[in-house]
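Undergrad: Below: one structure in C-alpha cells.
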Amino acid sequence: MARILLLETKQGLPESELPKDLEYSSCVAREIAPTLRSLGHEVIEVQSPTVADAINAINTYQPDVVWHAGHGQKCMTTLEHEDVWMTHKSSSYGECNEDRYLEYASNRFFSMLSCLAGSELGPRLVASGATAFMGYKTSFWFVACDYEPCTCGSGLDDPDEIRAVKSPMQCDIEWLRALAEGKTVKEAYERSQAKFQSEIEYWENSTHPIAATVLQCLHSDKEAQVVLGDMDAKIGVSAPTPTPPLTGTPTGTPTPAPATPVPLSSVVECIFPRILAGMLTPRLDKGVIFYRVQCIINKWGNAFNYNPSGQGRTSD
Amino acid sequence: MNEEEVLNWIKKLPKSELDIPLVVIDDRAYTPNEILEMVRRKVGLGRRLLTLDVSALKRVPAEPQLHELAKIRLKKKLEKMPKKFVLARYVLGKKEKYSADELIEEIERESPIGREFIDTEKKIVRDLLSR
C-alpha cells in the first residue's frame with residue numbers, strides 16, 4: 001500500500017486567459033482516485049493547493065507519490081495561482097535564483113504535469129533523491145474550450161469532443177495508474193506511451209474536425225514525455241534493507257533512538273485542520289475516514305521517524 | 001503503379017489523413033485522395049503516375065519541401081478546428097492559449113511555437129510515408 005498525494009490545482013493565474021486551465025488535468029486525476037483507492041492505496045486529494053497546503057500535506061501524510069499539474073519552466077513548477085513551488089538554481093529562467101523545496105524529493109515518486117520541467121527540474125529532483133520523476137521536457141499541449149471551461153467534457157454533448165479535452169491527460173495519468181497496479185517505473189512509462197499510441201490510433205481513424213488538432217497534441221506530448229530515476233522501482237515497496245556483512249566484528253545491539261514527543265501544534269493541526277489549513281474538513285475533502293485519529297497516528301509515526309537531515313520541515 | 005496499388009497504399013493511411021496533402025510531386029503537394037482520383041482518371045499527372053512505382057508515393061521530400069509541406073498540412077488541419085476550441089499549454093510567463101488563427105500566424109512567421117509545431121508535423125509526415 002502506498003500513499004498518493006494528488007495536488008488538484010484549478011487555475012494558473014488568478015486572471016487567466018483560460019479559466020480553470022489546470023482543472024482540465026486535475027479533473028482527470030480526480031476521476032481515477034477511486035480506482036487508486038480500490039487498488040489498496042491511500043489517496044489524499046488537496047483542492048486548489050498553495051505551496052503551504054502542499055508542504056502541509058506532505059508533512060502530514062508523508063506520501064510516496066506526488067502528482068500535480070501546474071505552470072512550469074525548465075527549472076520551476078508552480079501550484080494554484082502560479083504559487084512558485086519547486087525550483088532549482090538555473091540561468092534558464094529569471095526567477096530560478098535558488099533551490100527551493102528540493103529536500104521534499106527524497107524517496108518519492110513525482111508525476112509533474114508542467115511544461116518544460118522535465119528538462120532541468122526533473123533531473124535535479126532525481127539528483128536530490130527522488131526515486132522517480134515523470135514529466136515533459138517541452139510544452140504539454142491539450143485542447144480546451146475558448147469561452148466556457150469544458151473540463152472533463154463538462155457542457156459538451158459530443159462524445160468525441162469530450163474525449164478530445166481529456167485525451168492527453170488520460171495518457172499522462174496512465175503512468176500513475178500503472179504504478180498503482182504494481183508496475184515498475186519503466187513499465188509504467190511504457191504503459192503511458194502505449195496509451196498515447198492508442199489515442200493516436202483512435203484519432204487517426206476519426207474524421208471528426210477536432211481529430212487533427214488532438215493528434216498534434218498527442219504526438220507532441222508523447223515525444224516530450226520523460227521518465228527519470230530508478231526504472232525498477234515500484235510504489236508501496238520499501239527500499240531493500242542492506243544485508244549485513246557475513247564477517248567482521250559484531251557491533252552489538254543498536255541503541256534505539258529516543259522518541260521525539262509529538263509537538264502540540266501537530267495535534268492541534270489534526271483536530272482543527274480547517275482553522276490551520278483554511279480548507280474543507282479533510283474527511284470530506286480527502287476521503288479519509290476517521291481523519292483526526294488517522295492524522296494523530298501519522299504525526300506520532302512521523303515523530304518517531306523524524307530525520308533531521310532528510311525530509312523534515314523547511315522554512316518557507 | 002495502378003489503381004489497386006494506390007488503393008492498398010491508401011488503406012494503410014489513417015482516415016483523417018486522406019484529404020490532407022502528403023505526397024510531393026514536381027514541387028506540388030497532393031492529398032492521398034487526389035492521387036487516387038488522378039490515377040483513376042488516367043489524365044495529366046495521373047498518366048505519369050501510372051508509369052512510376054508505388055514507392056514514389058512513399059518518398060520523403062527533401063528538407064525545404066518537407067518544411068513547406070509541414071506548414072501547408074498544419075494550416076489545413078487548423079482551419080478544420082471548430083472555433084469553440086483552443087490549444088493550450090501549462091507554461092509559465094508565456095502565452096498559454098492559442099486559437100487556430102493565432103497558431104496559423106505563428107506557423108507562418110515560424111516563431112518558436114510555430115517551429116515546435118512544424119517539427120512535430122515533419123515527424124508525422126515521415127511516419128505516414130513509412131507505412
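Undergrad: Check every one of the strands (runs of 3 or more DSSP E) wholly within segment B:1-117 and list those with 3 or more residues that are among the hydroxyl-bearing types (Ser, Thr, Tyr) and more than 14 Å from chain A (Cβ to nearest Cβ). Can you show your working first?
TA: Values: elements: B:23-25, B:28-30, B:85-89.
Hits in segment B:1-117: none.
Undergrad: Has segment A:79-87 got any residue that is at the interface with chain B (Cβ under 10 Å from one of its Cβ atoms), in contact with a helix residue (DSSP H, G or I) (Cβ under 7 Å, 6 or more places away or on another chain), of a type in the set (Phe, Trp, Tyr) and over 21 Å from residue A:181 (Cβ atoms)?
TA: Within segment A:79-87, not a single residue is at the interface with chain B (Cβ under 10 Å from one of its Cβ atoms), in contact with a helix residue (DSSP H, G or I) (Cβ under 7 Å, 6 or more places away or on another chain), of a type in the set (Phe, Trp, Tyr) and over 21 Å from residue A:181 (Cβ atoms).
Undergrad: Mind checking which residues of segment A:180-210 are at the interface with chain B (Cβ under 10 Å from one of its Cβ atoms) and either part of a loop (DSSP other than H, G, I, E, B) or of a type in the set (S, T, N, Q) (or both)?
TA: A:205, A:206, A:207, A:208, A:209, A:210
The rows are residues; the columns are (1) small (Gly, Ala, Ser); (2) free of Cβ contacts under 8 Å to residues at least 24 places away in the same chain.
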{"residue": "A:151", "(1), (2)": "no, no"}
{"residue": "A:160", "(1), (2)": "no, no"}
{"residue": "A:167", "(1), (2)": "yes, no"}
{"residue": "A:174", "(1), (2)": "no, yes"}
{"residue": "A:178", "(1), (2)": "yes, yes"}
{"residue": "A:182", "(1), (2)": "yes, no"}
{"residue": "A:187", "(1), (2)": "no, yes"}
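Undergrad: Looking at A:118, A:122, A:135, can you tell me which residue is surrounded by 24 or more Cβ atoms within 10 Å (Cβ to Cβ), small (Gly, Ala, Ser) and either assigned to a strand (DSSP E or B) or not assigned by TED's automatic domain parsing to the domain that holds residue A:70 (or both)?
TA: Within the list A:118, A:122, A:135, the selection yields A:135.
Undergrad: Within segment A:192-211, count every residue that is modelled with pLDDT of 95 or more and hydroxyl-bearing (Ser, Thr, Tyr).
TA: Result for segment A:192-211: 3.
Undergrad: Going through segment A:90-104 one residue at a time, which ones are modelled with pLDDT of 95 or more and out of contact with any strand residue (DSSP E or B) (no Cβ under 8 Å at 6 or more places or on another chain)?
TA: Answer for segment A:90-104, where residues must be modelled with pLDDT of 95 or more and out of contact with any strand residue (DSSP E or B) (no Cβ under 8 Å at 6 or more places or on another chain): just A:103.
Undergrad: Taking residue A:99, is it over 28 Å from residue A:212 (Cβ atoms) and in contact (Cβ under 8 Å) with a residue 12 or more places away in the chain? Write out each step before concluding.
TA: Working: over 28 Å from residue A:212 (Cβ atoms): yes; in contact (Cβ under 8 Å) with a residue 12 or more places away in the chain: yes.
Answer is yes for this residue.
Undergrad: For residue B:76, all conditions in the list (1) under 27 Å from residue B:2 (Cβ atoms); (2) surrounded by 12 or more Cβ atoms within 10 Å (Cβ to Cβ); (3) in contact (Cβ under 8 Å) with a residue 24 or more places away in the chain hold save one; what is the number of the exception?
TA: (1)
Undergrad: Ok, one more. Specify the residue that is nearest to residue A:146 (Cα to Cα); the eligible residues are those in segment A:21-47 that are touching a Lys or Arg at 6+ places or on another chain (Cβ under 6 Å) and among the charged types (D, E, K, R).
TA: Filtering first and then ranking leaves A:23.
Undergrad: Still on this structure: Residues of segment A:119-135 being within 21 Å of residue A:23 (Cα to Cα) and within 14 Å of chain B (Cβ to nearest Cβ), which ones?
TA: Pass one, segment A:119-135, residues within 21 Å of residue A:23 (Cα to Cα): A:134-135.
Listed by number, the list holds a single entry, A:135.
Undergrad: Let me ask something else about it. Return only the number of the condition from (1) more than 8 Å from chain A (Cβ to nearest Cβ); (2) touching a Lys or Arg at 6+ places or on another chain (Cβ under 9 Å); (3) under 30 Å from residue A:78 (Cα atoms); (4) basic (Lys, Arg) that residue B:131 does not satisfy.
TA: Of the numbered conditions (1) more than 8 Å from chain A (Cβ to nearest Cβ); (2) touching a Lys or Arg at 6+ places or on another chain (Cβ under 9 Å); (3) under 30 Å from residue A:78 (Cα atoms); (4) basic (Lys, Arg), the odd one out for residue B:131 is (3).
Condition check ((1) on the phi < 0 side of the Ramachandran plot; (2) surrounded by fewer than 18 Cβ atoms within 10 Å (Cβ to Cβ); (3) assigned to a helix (DSSP H, G or I)) across all residues:
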| position | (1), (2), (3) |
| --- | --- |
| A:35 | yes, yes, yes |
| A:49 | yes, no, no |
| A:53 | yes, no, yes |
| A:58 | yes, no, yes |
| A:63 | yes, no, no |
| A:67 | yes, no, no |
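Undergrad: In the set B:45, B:49, B:92, which member is assigned by TED's automatic domain parsing to the domain that holds residue B:125 and surrounded by 15 or more Cβ atoms within 10 Å (Cβ to Cβ)?
TA: B:92
Undergrad: Within segment A:101-112, is there a residue that is closer than 20 Å to residue A:56 by Cβ, within 13 Å of chain B (Cβ to nearest Cβ) and part of a helix (DSSP H, G or I)?
TA: Within segment A:101-112, not a single residue is closer than 20 Å to residue A:56 by Cβ, within 13 Å of chain B (Cβ to nearest Cβ) and part of a helix (DSSP H, G or I).
Undergrad: Could I ask something else about it? Restricting to segment A:1-30, name every residue that is part of a loop (DSSP other than H, G, I, E, B) and under 9 Å from residue A:80 (Cα atoms).
TA: So the first thing to find is which residues in segment A:1-30 are part of a loop (DSSP other than H, G, I, E, B), and the list is A:1-2, A:9-22.
A:9, A:10, A:11, A:12, A:13, A:14, A:22 - these are the residues of segment A:1-30 that are part of a loop (DSSP other than H, G, I, E, B) and under 9 Å from residue A:80 (Cα atoms).
Undergrad: Can you find, within segment A:156-179, the residue that is surrounded by the most Cβ atoms within 10 Å (Cβ to Cβ) among those that are in a helix (DSSP H, G or I) and among the acidic types (Asp, Glu)? So that I can check it myself, show each step before the final result.
TA: Keep residues of segment A:156-179 that are in a helix (DSSP H, G or I), which gives A:159-179.
Retained after the next criterion (residues that are among the acidic types (Asp, Glu)): A:160-161, A:172, A:174.
Details: A:160: 17, A:161: 21, A:172: 26, A:174: 22.
That would be A:172.
Undergrad: Identify the residue in segment A:1-29 that is of a type in the set (Asp, Glu) and over 16 Å from the mean Cα position of the chain (by Cα) and, among all such residues, is farthest from the other protein chains (Cβ to nearest Cβ).
TA: Within segment A:1-29, the first condition is being of a type in the set (Asp, Glu), and the residues that meet it are A:8, A:15, A:17, A:21, A:23.
Within this subset, residues satisfying the condition of being over 16 Å from the mean Cα position of the chain (by Cα) are A:15, A:17, A:21.
Numbers: A:15: 12, A:17: 6, A:21: 6 Å.
Checked segment A:1-29; the qualifying residue farthest from the other protein chains (Cβ to nearest Cβ) is A:15.
Undergrad: Kindly establish whether residue B:111 is outside the structural domain of residue B:131 (by TED's automatic domain parsing) and without any contact (Cβ under 8 Å) to a residue 60 or more places away in the chain.
TA: no
Undergrad: Kindly indicate the residue of segment B:98-121 that is charged (D, E, K, R) and crowded, with 18+ Cβ neighbours inside 10 Å and also farthest from the chain's Cα centre (by Cα) among those meeting that condition.
TA: Taking the candidates together, the pick is B:106.
The values are calculated or read from the model by the stated rules, or taken from the named source; none is laboratory data. Just so we're clear, the structure is a prediction, and the values are computed from it rather than from any experiment. Every residue, glycine as well, gets a Cβ built from its backbone with ideal geometry; the counts of neighbours run over all protein chains shown.
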